[in-house]
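Q: Take a look at the following structure, please.
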Amino acid sequence: MRRATLVVAFSLWGGGALVHAEPSREAVESLLKGYERVFTEADMRALGPGTDLVLARIADDGKAHEILRVRAVSALAYAKTAAARGTLESILRRKADAPAGVDRLLLRKAAVALGWQNGPGVVARLRPLLSHDDEDVRIDAAIGLGLTRSPAAAVELRARFTDEPAVSVRHQLTKQIKAIDDDAAAEPRQTARP
């Protein structure tokens, strides 16, 4: 029998109470365990409200399998909630100086997921990772910044390019700058109407 935590929300319309069942951890984990399958935005919608909270608990559970934790962090990209964003930002703060291993991988995945979410302050939160000692962290920070499609992110990526010693990171910086520039060029021009 699946265990579900009930989350009660009060409806503003009609003053009645709505009851939403948070998906069970088992239901969420079953979607994270796929061999060739990745967790999608459709999975997030199908599981419904509270999925972000379950994903956050899996991500922070040091006893959970490393792959589940990493996939849970990646899946938080699709949960555009304050709780999901708070979890991703917390991982960036707590794992920034983590040694190589699962904590470093969680940091990398959080950088990409936060970039996908975008929003206020994301560029500032990801900027320090462009100077991280680990080349892979710098690559994922560049990807996260590129996903924001923010002109401010392009400025940070260009600034890092001149100091970046690793060819693979420079390649990713170039790729993300181009994506941001292409996105900006594709936006329809706003013209004033007479």
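No value in this document is a laboratory result; all are computed from the given coordinates. Remember, it's a predicted structure, so these values are computed and weren't measured experimentally. For neighbour counting, all protein chains shown are included, and Cβ atoms are generated from backbone atoms with ideal geometry for every residue, glycine included.
Q: I need the calculated FRET efficiency for the pair residue 37 and residue 135, taking r as the beta carbon distance and R₀ as 35 Å, to the nearest 0.05.
A: The computed FRET efficiency comes out at 0.75.
Q: Let me ask you something else. For residue 45 and residue 184, what is the calculated FRET efficiency with R₀ set at 41 Å and r taken between the beta-carbons, to the nearest 0.05?
A: 0.90
Q: Related question: Between residue 66 and residue 124, what is the label-point separation in nm under the 7 Å Cα-to-beta-carbon projection?
A: Here the answer is 3.4 nm between the modelled labels.
Q: Separate question: Rounded to two decimals, what is the ratio between the C-alpha radius of gyration of the chain and 2.2 N^0.38 Å?
A: This ratio for the chain stands at 1.16.
Q: Can you give the direction-averaged projected area of the convex hull of the alpha-carbon atoms in the stretch 119-187, in nm²?
A: With the hull built on Cα positions only, its mean projection is 4.1 nm².
Q: Can you give the helix-only mean residue ellipticity at 222 nm for the chain, where every DSSP H stretch with n ≥ 4 adds -39500 (n - 2.57) and the sum goes over all residues, rounded to the nearest 500 deg cm²/dmol?
A: Counting only the DSSP helices, I get -18000 deg cm²/dmol.
Q: If you bin the C-alpha pair distances of the stretch 24-117 every 10 Å from 0, what whole percents do you get?
A: Going out from 0 Å in 10 Å bins, the stretch 24-117 shows 18, 56, 24, 1 percent.
Q: If I stretch the segment between residue 96 and residue 152 completely, what's the gain in nm (0.36 nm per residue apart, minus their alpha carbon distance), one decimal?
A: Taking 0.36 nm per residue and subtracting the Cα distance, the gain is 18.0 nm.
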